Structures are given as C-alpha cells and as structure tokens.
Amino acid sequence: MWLVTFHGGATCSTNNVVAYDDHGKELGPALKVDSSSPALQELRGLALVGTSLYVVNGYKHCSQVLVYASHGGSTYRYDSVYASTELTAMLHPYDLTFDASGNCYVSNQDTNVVVGLSGPNAPLPSPPSLPDGVLPGTIVASSIGALSDVSPAPPDVPEPLGLGVKCIDKSGAKVACTTKDARVKHSVRGVVAYDGLLCVADEAADAVKVYDLGTGALKGQIAGGELESPVQLLLQGSTLYIGGGSAVTSYDLSHPFPPGSVTPDTYKKGLTEVSGIAFDSGGTFYAAERSAKTILKFSHKHSAGEPFITGLCDEPEFILYVPDS
C-alpha cells in the first residue's frame, strides 16, 4: 500500500493522507477524521514506527506532528499529538525522522531549524556546537535567527554550520530575511538519521549537510553535480537518495567525509520538480513530480519513469510505501 500527502493549498486541496494499493488504485483517505481529531492542513512528512503512523501537520497555524494508530485495512485512527507549538521552534514543520534510540527530529521551515525530541513535546538538549539562546530543542540552527514570529529571536549561527535561508516580501520579490514582513521562501527541508549522523536538506544552500548527533558538529556537505534545491531525503541501506529540482542524486553515507564537500552520484534526472521519493519492498524506485501531479515508477535502475499514479488533483508531496502486514 502507498500513502501520499499533498500540498493542500487553495486550489483542489487534499488535506488528508490518501491511500493507494500496490497497483496505484486509489483506496481513499487514510486518516479517519471525526470531532475528536485535529484539523488537518498541508500534510507533509510521514513515518511509520511499528504500526503507528506519524504525520506532519504542516500549516503554520497547525504546526504539529500527529500520531495515528492502525485501524485495519488502509485506515488509521487519531491517537495523540507528538509535537506542537508548545515548542517555539515548531513552526511550519516539513519532515521528520527517528534515530536508533527513538529520538525524533523535525525540520521547521519558518524557524529554519531542526528540533530534537525524546518524547511528546520533550525537547532534547541542544548540542555543544550551538551557542546559548537557541530555541529549546534546536539540534541544527538557522544562519539567521530573526525569522517569522519568534520572540526573542535566537542568535545567528553562521553558515556552513547554520542552515541557509532565503526570503521574499508580499509581492514575491527576494528581500533580506531581516526585512520587516519578510517571508521565508527557501529553508530547511528533508531530514534523515543514520548511524549517529543527521542528514539535513539545506534547500537555500543547494546542499545536504551532515551533522554528528552527539556534538552537533558539521561532518560534511553533499553538493554539486546534479544536486539542486534539495527537498526530499530517503535512506536505503547506507545510501542516501536526494530529491530536488529535476534530479535524484545519491551518496553512500558509509564513506568518510573529506574536508569541504562531496559530489553525489546522479541516480535519475530529467524529472519535473521532484518531490516524494520511495522504494517498494521489491526495491523498485518511485518518484513524485509535484507540478506535474503524477507519480512515476522506474522498473530498473537505468529505466525512464513510467506513469504509476496520474491525473492527481493536488500536488503530491511525500510518498511512503507500507508493506503488507
């Protein structure tokens, strides 16, 4: 079974996770909604932990990670709130990942930080690489702290340790992020934990930054080649797949990081605004094209994508394959 989240914007918005069978046939909304469950808008990252489905409720006035329990078939029932704006860093979340100890890491676009949690709304201590005054739970900080509606603003953490960020004004023109009423446009996106490392998609810097989870130190950067505007990260074994722009690139995280940056391999190119990426249980690769509103299937490593789910009303964001239990 496939689970797909959508942009959820003003046009033809889909504010639920939609389930599809292994052949791409729509099964309907996956999240049961009733009077006791939170309002859903602009759903983003998904994570399956056991039989619990963690869902990023991304709209800035929601800003939650919600937990759903399997309800049989293709549906999930609301269980609890895992993270919310009780943490000031939780603002417009995008993606989440869990490490081997069960700690959760959530990227947040409007504060441009990655927050770490040891449990529901329980922030992890910030690593020693970061200065005093960062937002509670900050594991990776923003190069510009004075963003959005956070007050008092945390200190700047200069690049490359801090994450890049780009802003626009109400007209859509690029402006300095410290400009009054500036809105974050390009910021932190996908996150993946692997063997004591945290990989973070720094969209504004056209790089994936890799941090030591113990110290918060920057271990290395993946940049160059076909990698552009990275938004989605996917781990398969020790290989990190990076989706962004018109390509999917890859890098084997078991290799040591030399000083400076490493160039990823090209895995797929010629895509149209790639968003969600995933493998099924048989190792077949899939990629969503956001603006084309389609999901492609790649029969083998060197094949061109063939239509798998097409004619989507809304723009697909994340895709997750759930094996049969």
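Some values worked out for this structure:
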quantity	calculated
Residue that is nearest to Gly102 (Cα to Cα), among those in the stretch 230-244 that are buried (at least 20 other Cβ atoms within 10 Å of the Cβ) and of a type in the set (Gly, Ala, Ser)	Gly243
Hits in the stretch 155-178 - residues which are without any contact (Cβ under 8 Å) to a residue 24 or more places away in the chain and on the phi < 0 side of the Ramachandran plot	Asp156, Pro158, Gly162, Cys167, Ile168, Asp169, Lys170, Ser171, Ala173, Lys174, Val175, Ala176
Single condition Leu48 does not satisfy, out of (1) over 26 Å from Ala204 (Cβ atoms); (2) surrounded by fewer than 23 Cβ atoms within 10 Å (Cβ to Cβ); (3) more than 15 Å from the chain's Cα centre (by Cα); (4) not small (Gly, Ala, Ser)	(3)
Among residues of the stretch 87-104, those that are hydrophobic (A, V, I, L, M, F, W, C) and either part of a loop (DSSP other than H, G, I, E, B) or touching a His at 6+ places or on another chain (Cβ under 7 Å) (or both), counted	5
Among (1) buried (at least 16 other Cβ atoms within 10 Å of the Cβ); (2) at pLDDT below 95; (3) over 20 Å from Lys185 (Cβ atoms); (4) not aromatic (Phe, Trp, Tyr) - the single one Ser126 does not satisfy	(2)
Which listed residue is buried (at least 23 other Cβ atoms within 10 Å of the Cβ) and closer than 16 Å to Thr97 by Cβ, from Val248, Val208	Val208
Any hit, the stretch 84-93, residues being without any contact (Cβ under 8 Å) to a residue 40 or more places away in the chain and of a type in the set (Asp, Glu)	yes
Residues located in the stretch 133-156, provided they are buried (at least 19 other Cβ atoms within 10 Å of the Cβ) and either within 18 Å of Leu96 (Cβ to Cβ) or touching a Gly at 6+ places or on another chain (Cβ under 9 Å) (or both)	Val134, Leu135, Gly137, Thr138, Ile139, Val140, Ala141, Ser142, Ser143, Ile144, Gly145, Pro154
Residue count, the stretch 257-277 (criterion: closer than 18 Å to Ala304 by Cβ, part of a strand (DSSP E or B) and not charged (D, E, K, R))	4
Qualifying strands (runs of 3 or more DSSP E) (wholly inside the stretch 141-256; at least 1 residues being in contact with a His (Cβ under 7 Å, 6 or more places away or on another chain))	166-168
Any pair with Cβ under 8 angstrom, 6 or more apart, that starts in the stretch 223-239 at a residue that is at positive phi and ends at one that is part of a loop (DSSP other than H, G, I, E, B)	Gly224/Thr263; Gly224/Pro264; Gly225/Thr263; Gly225/Pro264; Ser229/Asp206; Ser229/Gly245
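Residue-wise test of (1) modelled with pLDDT under 95; (2) of a type in the set (Asp, Glu); (3) under 18 Å from Ser126 (Cα atoms); (4) surrounded by fewer than 22 Cβ atoms within 10 Å (Cβ to Cβ).
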| site | (1), (2), (3), (4) |
| --- | --- |
| Gly164 | no, no, no, yes |
| Asp181 | yes, yes, no, yes |
| Ser187 | no, no, no, no |
| Gly196 | no, no, yes, yes |
| Ala201 | no, no, no, no |
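The values are calculated or read from the model by the stated rules, or taken from the named source; none is laboratory data. Source: prediction; values computed, not measured. A quick note on method: Cβ atoms are made from the backbone with ideal geometry, for glycine too, and the neighbour counts reach across all protein chains shown.
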